[in-house]
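Here's the structure, in structure tokens; my notes come after.
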Amino acid sequence: MSIRDKAYIVGAYEHPTRKAPDKSVAQLHAESARGALEDAGLTLSDIDGYFCAGDAPGLGMLNMADYMGLTKLRHVDSTETGGCSYLIHVSHAAQAIAAGKCDVALVTLAGRPRSAGSSGLQPRNWGSDLPDVPFEAPFGSVTVNSYAMVAARHMYEFGTTAEQLAWVKVAASHHAQHNPHAMLRDVVTVEDVVNSPLVSTPLHRLDCCVVSDGGGALIIARPEIAKSLKRPLVKLLGAGEAVKGQLGGHVDLTYSAARFSGAAAFKEAGVTPQDIKYASIYDSFTITVIMQLEDLGFCKKGEGGKFVADGNLISGVGKLPFNTDGGGLCNNHPANRGGITKVIEAVRQLRGEAHPAVQVKNCDIALAHGTGGFLGSRHGSATLIMERN
Amino acid sequence: MTMMYQPNPIPAPAQEKGNEPFWDAAKLGKFLIKKCKACGQTHWYPRELCPFCMGDTEWIEASGKGTIYSLSVMQRGNPNPYCIAYVSLDEGVTMMTQIVDCDLEALKIGQKVKLVFKPSEGDGPPVPMFTPM
């Protein structure tokens with residue numbers, strides 16, 4: 001069974017806050033859900049499927065369904081693959097709809113890492129009884145140096161330069177200047193990026209995404225329901241998911257699980273990278289984008305640096321407009337998990353509702369891709385391909 | 001420019017079930033890795049079941065010699081900069097570690113390194129790190 005043509009994204013909402021010290025995480029989830037329902041033209045009682053991940057408080061699914069008053073659920077899924085969980089949720093929602101397990105699915109994400117002072121510089125506490133932790137935690141393994149080791153190896157293997165990495169941030173900043181909600185709206189240059197302080201070599205401060213409070217929500221529905229609503233139709237064509245770790249000690253930092261999730265999504269959708277008019281690419285760090293573009297097939301392995309250079313990711317300028325909301329690098333990275341905002345901006349593009357300065361002309365097919373966890377140790381990848389009807 | 005290694009506090013590794021022999025050996029200056037009794041392959045990090053065939057595994061002593069596969073010098077969030085790295089051991093597996101006792105700015109991927117145990121905080125066991133040969 002395929003999800004192709006079986007489900008539509010009918011509601012999408014990005015919470016406008018970037019700092020919310022006075023709100024609970026549950027409230028941010030609920031406000032995001034309300035926004036997505038209003039966007040879709042649906043109500044609370046229409047929801048019979050619910051998806052959330054590790055950012056949801058308490059027991060997650062149980063606490064959030066109770067808090068929001070989701071009393072008609074007949075399908076639930078709390079798949080947790082870090083920041084790409086929400087792309088997998090969309091795929092799983094489409095599968096559930098295709099199987100008749102639900103009609104209207106809600107996906108929510110929210111968090112307050114900015115208010116809580118949580119960043120990629122400090123170790124996370126994963127608890128005990130984890131066989132990998134004693135062999136990683138003593139060495140100061142944190143988010144940023146995990147990705148930095150991927151960047152260092154990419155430079156060594158393929159000759160990628162700091163300036164090429166910087167172009168990813170430059171392109172994001174060109175888009176963010178048009179987003180009134182973006183945390184960082186100043187256009188930056190390659191020189192600005194490479195002259196910003198080193199955080200973990202070879203990554204500079206401006207190679208890193210923002211830390212923001214916020215949230216987002218999506219509504220996925222069966223075709224008959226989608227066609228009864230008044231919003232432009234965004235149909236799911238294909239999806240893929242994969243995970244990759246340290247391979248028993250045969251560590252290979254030169255590719256990601258996007259190699260597998262992307263291939264599966266393109267196969268199911270029946271399209272190729274050349275058909276994609278707009279791409280949301282997870283941008284936790286600049287290297288994340290280069291790695292994913294290669295593994296998704298937008299360029300050959302090792303040529304990601306050349307691909308992103310000279311503004312090739314800037315809408316209206318380059319061949320592959322990406323992250324036209326400013327992405328995680330400039331706009332928003334709620335809960336330190338950027339997956340849902342990747343889908344939301346792709347939906348805006350397909351609806352023709354992106355900011356006019358960055359709206360891609362004739363945007364009929366778009367891709368959203370997420371990486372969750374740690375690219376340098378163990379991560380998930382999720383790819384969605386969507387079409388405007 | 002040079003950036004000579006200066007130690008940070010090393011959090012004591014949690015001694016999880018099944019890994020006690022590794023830390024007991026470390027206290028004696030021995031560096032162990034795991035090998036599968038069924039397929040004969042080595043792996044890292046140590047597990048009771050082989051990640052390649054699910055066979056039972058045993059500890060073997062490793063040479064402590066290897067090559068830097070990748071590295072990053074972390075310059076924020078700690079008292080002193082430190083170099084996290086993946087080192088590919090001569091036994092064929094790659095492990096996360098730190099490179100110590102050297103100029104961190106001079107380190108390069110492909111460089112040969114050797115094991116050095118460093119004490120962890122409190123009563124914690126020594127942890128395996130590496131320094132240039």
Inset, instruction - Select from the stretch B:48-60 the residues that are in a loop (DSSP other than H, G, I, E, B) and at negative phi and list them in ascending order. - result: B:Glu48, B:Cys50, B:Pro51, B:Phe52, B:Cys53, B:Gly55
Inset, instruction - From A:Ala105, A:Ala110, A:Ala94, grab the single residue that is in a helix (DSSP H, G or I) and either away from chain B (no Cβ under 14 Å) or not aromatic (Phe, Trp, Tyr) (or both). - result: A:Ala94
Legend entry - Search result, residues across the stretch A:95-136 that are within 24 Å of the chain's Cα centre (by Cα), surrounded by fewer than 22 Cβ atoms within 10 Å (Cβ to Cβ) and without any contact (Cβ under 8 Å) to a residue 60 or more places away in the chain: A:Ala116, A:Gly117, A:Gln122, A:Pro123, A:Arg124, A:Asn125, A:Trp126
Inset, instruction - Being free of Cβ contacts under 8 Å to residues at least 40 places away in the same chain and either surrounded by 23 or more Cβ atoms within 10 Å (Cβ to Cβ) or not small (Gly, Ala, Ser) (or both) narrows it down to one of A:Phe139, A:Phe158, so name that one. - result: A:Phe139
Legend entry - Pairs with Cβ under 6 Å, 6+ apart, first in the stretch A:248-262 and within 14 Å of chain B (Cβ to nearest Cβ) and without any contact (Cβ under 8 Å) to a residue 60 or more places away in the chain, second part of a loop (DSSP other than H, G, I, E, B) and buried (at least 19 other Cβ atoms within 10 Å of the Cβ): A:Gly248/B:Pro51; A:Gly249/B:Trp44; A:Gly249/B:Val93
Inset, instruction - May I ask you to list the residues in the stretch A:177-196 that are touching a helix residue (DSSP H, G or I) at 6+ places or on another chain (Cβ under 8 Å) and over 21 Å from A:Ala162 (Cβ atoms)? - result: A:Asn179, A:His181, A:Ala182, A:Met183, A:Arg185
Inset, instruction - Within the stretch B:94-115, identify whether any single residue is polar (S, T, N, Q), at the interface with chain A (Cβ under 9 Å from one of its Cβ atoms), buried (at least 19 other Cβ atoms within 10 Å of the Cβ) and closer than 30 Å to B:Lys37 by Cβ, and answer yes or no. - result: yes
Legend entry - Only listed residue being among the small types (Gly, Ala, Ser) and facing chain A (nearest Cβ under 7 Å), chosen from B:Ser72, B:Ser63: B:Ser72
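Residue-by-condition table, conditions (1) surrounded by 24 or more Cβ atoms within 10 Å (Cβ to Cβ); (2) within 22 Å of A:Val90 (Cβ to Cβ); (3) among the aromatic types (Phe, Trp, Tyr):
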{"site": "A:Tyr278", "(1), (2), (3)": "yes, yes, yes"}
{"site": "A:Leu313", "(1), (2), (3)": "yes, no, no"}
{"site": "A:Gly316", "(1), (2), (3)": "no, no, no"}
{"site": "A:Leu320", "(1), (2), (3)": "no, yes, no"}
{"site": "A:Asn323", "(1), (2), (3)": "yes, yes, no"}
Legend entry - Single match in A:Val150, A:Val193 (criterion: away from chain B (no Cβ under 14 Å) and in contact with a Leu (Cβ under 6 Å, 6 or more places away or on another chain)): A:Val193
Legend entry - Looking only at the stretch B:1-47, and only at residues there that are of a type in the set (S, T, N, Q), within 11 Å of another protein chain (Cβ to nearest Cβ) and assigned to a loop (DSSP other than H, G, I, E, B), the one that is farthest from B:Asp103 (Cα to Cα): B:Gln41
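Laboratory data are not the source of any read-out in this text; all were calculated from the coordinates shown. Just so we're clear, the structure is a prediction, and the values are computed from it rather than from any experiment. So basically every Cβ, Gly included, is an ideal-geometry build from the backbone, and we count neighbours across all protein chains shown.
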